[in-house]
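Asks: The structure is given below, and queries will be raised subsequently.
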Amino acid sequence: MTPAEPKVKNAIVFIDGQNLYRTAKDAFGYHYPNYDIKLLAGWACSSRGWNLTDIYFYTGIPDPQDDALWHNFWSRKLSYMGRMGIKLFSRPLRYHNEDFTCPSCNKIYTSLVGHEKGVDVRIALDVIRLAHEKMYDVAVIFSQDQDLSEVADEVRRISIEQNRWIRIASAFPVSPTSKNTKGINKTEWIKIDRQAYDSCVDQNDYL
């Protein structure tokens, strides 16, 4: 028996902050995380007629010894988000040397690059846990990380077990310059164009 589609669809938004920053940079050329999460989450849900009930935000943060400027930026931005009622999850960035080739001189250089660990796992755990707890009808994940396609499979299994209508969506910035124009496999894609993104820019200065 196919579960009935609810008239009011309650949605929870899960945002991978670094993934969103990188895709916005690729699509629109912004060089810092200038998004207002509450506005952007609201836009994504209202564009589909979903009722936004909660926002979860996940990001890696550099240690002050490694990068004091960006550590302070994220500390201030996360503090603001917390006061807005957004649920936060942060982890220290881990650094390692990475080689890259200069296209103009064909020389190889080494740069220290920061990577976040455990964010995609935390998102997956929260999406699955809250589905089991019947806390949403729609999970909106701001990410293009294909590792999360397995989460979509698990949510479908939960939907069958509970005989309940559940959907999962992937939201991401996109433009003609985007290298990646695909959302998470097995999810509904919500493409964020330049006009929509620019209407959700954070006007605060955290630097």
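Asks: Is there any pair linking a residue in the stretch 36-63 that is under 15 Å from Ala169 (Cβ atoms) to one that is loosely packed, with under 15 Cβ neighbours inside 10 Å and hydroxyl-bearing (Ser, Thr, Tyr), with Cβ under 8 Å and at least six apart or on different chains, and which?
Replies: Matching pairs, first to second residue: Trp43/Ser199; Leu52/Ser46.
Asks: Looking only at helices (runs of 4 or more DSSP H) that fall completely inside the stretch 117-207, which ones have 1 or more residues that are under 24 Å from Leu39 (Cα atoms)? Write out each step before concluding.
Replies: Details: elements: 119-132, 149-162, 194-198.
Ranges flagged: 119-132, 194-198.
Asks: Here are some residues: Tyr30, Tyr21. Which one is of a type in the set (Ser, Thr, Tyr) and under 23 Å from Asp126 (Cα atoms)?
Replies: Values: Tyr30 fails: under 23 Å from Asp126 (Cα atoms).
When all the criteria are applied, what remains is Tyr21.
Asks: Please indicate, with yes or no, whether at least one residue in the stretch 147-158 is open to solvent by 50 Å² or more (accessible area, probe 1.4 Å) and closer than 22 Å to Thr59 by Cα.
Replies: Yes, that holds for at least one residue.
The values are calculated or read from the model by the stated rules, or taken from the named source; none is laboratory data. These figures come from a predicted structure and were not determined experimentally. Heads up, the Cβs are rebuilt from the backbone with ideal geometry, glycines too, and the neighbour counts pull from every protein chain shown. Just the protein is used for accessible areas: all its heavy atoms, side chains included, with ligands, DNA and RNA removed. Shrake-Rupley method; radii C 1.70, N 1.55, O 1.52, S 1.80 Å.
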